[in-house]
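Comments concern the structure below.
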Amino acid sequence: MSETPAIQMMGITKRFGKLTAVNNVDLSIKRGEVFSLLGPNGAGKTTTIKMLCCLLKPTSGSAIVLGYDINRDSEKIKQIIGVSPQETAVAEKLTTRENLNLMARIYGFSKEDARERVETLLDMTELSERSNDRVKRLSGGMKRRLNLAMALISDPDLLFLDEPTLGLDPHARRSIWKQIEAFKGKKTILLTTHYLEEADALSDHVAVIKDGKIVAHGTPHELKRDAAVMQIMVIRAQRIPEACIDELKTNYPFVKETAEGLEIRGERLVFDGIVDLIRSHGVKIEWLTMKQPSLDDVFSSLVEEEGAE
Amino acid sequence: MRTVALAGRVFKEVYRDKAGITLGIIYPAMLMVIFMLIEGHVPVDIFEPINIMPGITVFSFAFLTMFSASMLSRDREKAFLIRLLTTPLKPGEFILAYSLPYFLIALLQTVVMFITGTLFGAPAGIGYITSLLFLLPTAMICIGIGMILGSLFAESALPAPGTITIVVIAFFSGAFADFKMIGGIVRTIALILPFSHAVDGIRSILAGNPLSEVMNSLYLVVAYALLFYLLGILFFRWRTRSV
Ligand SMILES: Nc1ncnc2c1ncn2[C@@H]1O[C@H](COP(=O)(O)OP(=O)(O)OP(=O)(O)O)[C@@H](O)[C@H]1O
Ligand SMILES: [Mg+2]
């Protein structure tokens, strides 16, 4: 049993009218690992999570979550998962403690068990001091922590965290990271994030999603190796004609005008070739530099490849 | 058990909303006092305690629509509903938890209105209990409308349909004016809608007439209650199917 993955997606697809939000995704998530779904706004991260926790029916395809089929066993799945939605989903007019207590009662805890569990979670998320405050008086970051605590109430084996560090200051972000790290090996966690740095710090595996499709998938280490292979050249010149840029684009997947100058990325940039090509358009190169790519550069080339006008 | 837990939360949020409670309980009660004071000076039948008390009570239920609609659309917008939908709660449990608390509020409103009316001379008696036969389905209609509006509108868009509901109930229930003297189209609409039937039914019961005299009104009000509650459930289910 422990050999089977926690989540096995099989061609899972969601369309909203003409828009394909999630396009034929096949991902496998191991038990006990932290898996990050990394992608820009509108990539389909939330939609994927919503399908996996049975809030949305897939248009086609399926997934097995902890041995249950999302299309048939939604009741079973809802018993054993915990979800921290992207929006802060708390009852504003209740106190912090009442929010947690409500969740505990919904999951069937007795009054005494609920009380104990609530105290544990208040402690864990450092909200004890504000436990009797109405939630609407908490700061955004505190609400975010409560959002996570509410997902943890039933001590689920599988956690879905949709942008768990959204809107947190660096200190609060670290403390959520520490929390997630503490669960490593004990719980399976699928989280989404916009930040590569976050995916890198926390996860065993990362999948980069863009326009509903998985465009890269591997361990953070593997993705970094890809980064090492990539080269970036930045060129500044008076005026680079469209025709020149178009020609560059046919040879290199990533060509973009930035504040620094014209940026070209690729695995093996042919220095001479590029310079000759630009000169052949009668352009005088003023300044040229090679940049060491960062992980963020890898991520941005993955998600901008097609989108770069 | 989990239904009770969620229902408790819904009740708490309504109960803690001071502006809401003022509007839904204190404001109608004060209106009633004012009308009954006027009656003391200028005797108008409709403002007699036995007449005004049923009308105002039904009118106060119009605020149940606002309470239930805004709770539902707020929970949708703030994603609290999403969170609840990821828990093992079943659809029926949701619907109960999002409607039962308002019956409790309706009971609270009734008690306050009836006590106020009694202080001004309405004849307390078994009729107060029998009136619930009309009051509960009337509350159910208002809660059903609330579930429909809450499923359809964002919280910021609610004031318009909410106010319309309150005005329609105030006007066509005959709580504040005897529409039978206006006649014509107004009277026809009032007779099609259930609210005037509820108010007249309670007036008749309080006047000591047997229930058999108002059975037709009662059937109509109950039919409306089932219809609107069912519609409320359908809209709610439709809304929660894709979040
Ligand atoms: N209920 C819906 N109806 C129609 N379109 C939707 C719906 N939900 C999402 N979409 C669309 O599906 C696409 C993917 O949305 P999704 O919320 O999954 O993105 P995301 O990766 O979570 O983005 P973000 O980082 O902004 O949260 C978007 O284009 C979005 O507009
Ligand atoms: Mg999202």
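Odds and ends about this structure:
- Expressed as a whole percent, the proportion of Cα-Cα pairs in segment A:231-292 lying more than 13 Å apart is 57%.
- Geometric extent, Cα atoms of segment B:43-100 - Rg, Dmax (angstrom): 18.0, 59
- Over 21 Å between alpha carbons, listed pairs A:Lys50/A:Lys184; A:Lys50/B:Lys78; A:Lys57/A:Lys213; A:Lys14/A:Lys143; A:Lys178/A:Lys213; A:Lys45/A:Lys213: A:Lys50/A:Lys184; A:Lys14/A:Lys143; A:Lys178/A:Lys213
- Annotation: amide H of A:Gly266 within the under-5 Å range of A:Gln231, sequence separation 5 or more or interchain, hydrogens built in the peptide plane.
- Counting only other chain Cβ atoms within 10 Å of each residue's Cβ, the peptide B:51-61 averages 0.
- Rg/Rh for chain A stands at 1.07; both radii use Cα atoms, and Rh follows the Kirkwood definition.
- Just checking the listed ones, B:Gly183, B:Gly174, B:Gly127: in the Gaussian network model of chain B with Cα springs under 10 Å, the one fluctuating most is B:Gly183.
- Theoretical FRET efficiency, 1/(1+(r/R0)^6), r = Cβ-Cβ of A:Leu277 and A:Ala228, R0 35 Å, to 0.05: 0.85
- Simple spin-label estimate for A:Leu288 and A:Glu112 in nanometres, 7 Å along Cα-Cβ: 7.8 nm
- With N the number of residues in chain B, Rg(Cα) / (2.2 N^0.38 Å) evaluates to 1.02.
- Prolate/oblate/rounded call for segment B:172-234, Cα gyration tensor, a/c under 1.5 rounded: oblate
- Chain A: relative contact order in percent, alpha carbon pairs under 8 Å with at least 6 residues between: 20 percent
- Relative contact order for segment B:126-243: 45 percent, from Cα pairs under 8 Å spaced at least 6 residues apart, divided by residue count.
- Fully extending the segment from B:Phe103 to B:Ile185 would add 26.3 nm, taking 0.36 nm per residue of separation and subtracting the current Cα-Cα distance.
- The protection proxy used here, the mean number of other Cβ atoms lying within 10 Å of each residue, ranks peptides A:133-141, A:259-267, B:41-49 as follows, highest first: A:259-267, A:133-141, B:41-49.
- Here the ratio of the Cα radius of gyration of the protein assembly as shown to 2.2 N^0.38 Å is 1.28.
- Nearest-20 debye value, segment A:231-292 charge dipole, Cβ charges on Lys, Arg, Asp, Glu: 120 debye
- Net charge dipole size for the protein assembly as shown [Lys, Arg +1 and Asp, Glu -1 on Cβ; Debye, nearest 20]: 900 debye
- Segment A:54-112: C-alpha gyration tensor shape, a/c 1.5 cut-off, then a/b vs b/c: oblate
- Excluding same-chain neighbours fewer than eight residues apart, the lysines reachable from A:Lys284 by a Cα-Cα span under 29 Å are A:Lys249, A:Lys256.
- Within chain A, percent of DSSP bridges classed antiparallel, to nearest 5: 65 percent
- Size of charge dipole - chain A - debye, nearest 20, with Cβ of Lys, Arg +1 and Asp, Glu -1, no other charges: 980 debye
- Computed [θ] at 222 nm, deg cm²/dmol, chain B (DSSP H ≥ 4; -39,500 (n - 2.57); rounded to nearest 500): -24500 deg cm²/dmol
Just so you know, all these numbers are worked out from the coordinates, no wet-lab data involved. The structure presented is a predicted model; accordingly, all values stated were derived computationally and were not measured. For neighbour counting, all protein chains shown are included, and Cβ atoms are generated from backbone atoms with ideal geometry for every residue, glycine included.
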